Amino acid sequence: MKIKTHVMKKILFLACLITVLSAKSFAADKNDEKDAEVSYFAENNFLNKYYAAENVRWTVTSNFQKAVFTLDGKTMSAFFDRNGEYIATTQYVAAKAIPAVGQKRLTKLYGDYKVNEVVRYDFDGEPDAHLQILTGKRFYNTVYFVNLKNDKANVLVKVTPDGDVSYIRNL
């Protein structure tokens, strides 16, 4: 009887262990999206665009795939959609990287603010002439997002290469 009880305890313990390990494995499978591998197309498109990139680190989310890398000594981030298509590249830059006309306009509109951070946002795309005629807005492959601060406010604005400054939001 003692042997039967001892064997039963071992079988019950083994069954519990298998159940726990299976549940852990199942939970890990459900969270794989956060640790998902970079798509072949994103990696291939990245290598075609930034073949000289170094120290590449990928992050994959449910919305995009991002490569953080170094190119010519500068840290940059390239974004790709879930299908691996290129979206844009971002890079922190100094305020002096903003075109002079944009700097003048920022000073005129936000003279009592200090520039905190500037992110250069580059993307590929073709201007849509029909949309430009209808909306009167130009298409830009590069824009600058500028974080401005003073004692009272912290704001984000967009600056285009021709000096157009648009308020985005308070931070």
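All of the numbers you see were taken from the coordinates with simple rules; none came from a lab. This structure is a prediction, so every number in the text was calculated from the model and none was measured. Here the Cβ is made from the backbone with ideal geometry for all residues, glycine too, and neighbour counts use every protein chain on show.
Note down the net charge around Thr75, summing +1 for each Lys or Arg and -1 for each Asp or Glu among other residues with Cβ under 13 Å from its Cβ.
Local charge sum for Thr75: +2.
Set the Förster distance to 41 Å, then compute FRET efficiency between Asn150 and Ser62 from the Cβ-Cβ distance, nearest 0.05.
According to the calculation, E is roughly 0.65.
To the nearest 0.05, what FRET efficiency results for Thr75 and Leu109 with a Förster distance of 45 Å applied to their C-beta separation?
The value I calculate is 0.95.
Please give me the summed charge of the neighbours of Val115: other residues whose Cβ is under 11 Å from its Cβ, Lys and Arg +1, Asp and Glu -1.
+2
Sorted by average packing, counted as other Cβ atoms within 10 angstrom per residue and highest first, what order do 163-171, 116-124 take?
Packing proxy ranking, top to bottom: 116-124, 163-171.
What distance in nm separates the simple spin-label points at Leu47 and Asp122, each placed 7 Å from Cα in the Cβ direction?
Between Leu47 and Asp122, the simple spin-label model gives 2.1 nm.
With θ set to phi - 60°, apply the Karplus curve 6.51 cos²θ - 1.76 cosθ + 1.60 along region 142-154 and write out the HN-Hα couplings as whole Hz, x wherever there is a Gly or Pro.
So the Karplus estimates, Gly and Pro as x, are 9, 9, 10, 9, 10, 9, 10, 9, 9, 5, 9, 8, 9 Hz.
Quick check on packing: order 76-88, 143-155 by the mean number of other C-beta atoms within 10 Å, highest mean leading.
By packing density, highest mean first, the sequence is 76-88, 143-155.
Run the count for region 32-105, please: Lys pairs, Cα-Cα under 20 angstrom, 8 or more apart or on different chains.
6
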